[in-house]
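The values are calculated or read from the model by the stated rules, or taken from the named source; none is laboratory data. Bear in mind that the values here come from a model prediction, so they are computed numbers and not experimental data. Note that each Cβ is placed from the backbone with ideal geometry, even for glycine, and that neighbours are counted across all protein chains shown.
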């Protein structure tokens, strides 16, 4: 028989103390780099695509984006496998090409119709060892890659060099 668990409301003193705590600091928009637009949109479309054996995962994503004139999207999920994985690791300028059979554990990122996509991949080998980094050209699909993408049709994702990080960072533009 399952025990019945009762929860008590916190004492009034505790509620008062919690409400007096400082609010979390939010990201402030800088005049030099107005990086984000707080946008709520109802114009979200879902796209589902499958990559076939031998296709380049990176190229397939970019080709699909261009073919459908998608300017702002993100990867919701991806399952599949690779025989070649070309990944750029953190703070390393060149990508590393790995050969073997790999399961795609995770594929995440923001996609743009022009050179503004930023995608990370995590793969595992036959021993279950995981490795991940930036997705680059040269990721050859083994059996399949089934990808769900969502698009915000009223937005555009662009990359602009940020003076603070010195990297091209995401800028969200309302169409």
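Tally up the residues in segment 44-68 that are part of a helix (DSSP H, G or I) and either at positive phi or touching a helix residue (DSSP H, G or I) at 6+ places or on another chain (Cβ under 8 Å) (or both), please.
Looking only at that region, the number is 0.
Could you give me the residue pairs with C-beta distances under 7 Å whose first residue belongs to segment 113-135 and is within 17 Å of residue 79 (Cα to Cα), whose second residue is part of a loop (DSSP other than H, G, I, E, B) and modelled with pLDDT under 95 wherever it lies, and which are 6+ apart or on separate chains?
Final answer for the pair search is 133/90.
Taking into account only those residues within segment 46-68 that are out of contact with any strand residue (DSSP E or B) (no Cβ under 9 Å at 6 or more places or on another chain) and touching a residue at least 12 places away in the same chain (Cβ under 8 Å), which is surrounded by the most Cβ atoms within 10 Å (Cβ to Cβ)?
Ranking the candidates gives 59 first.
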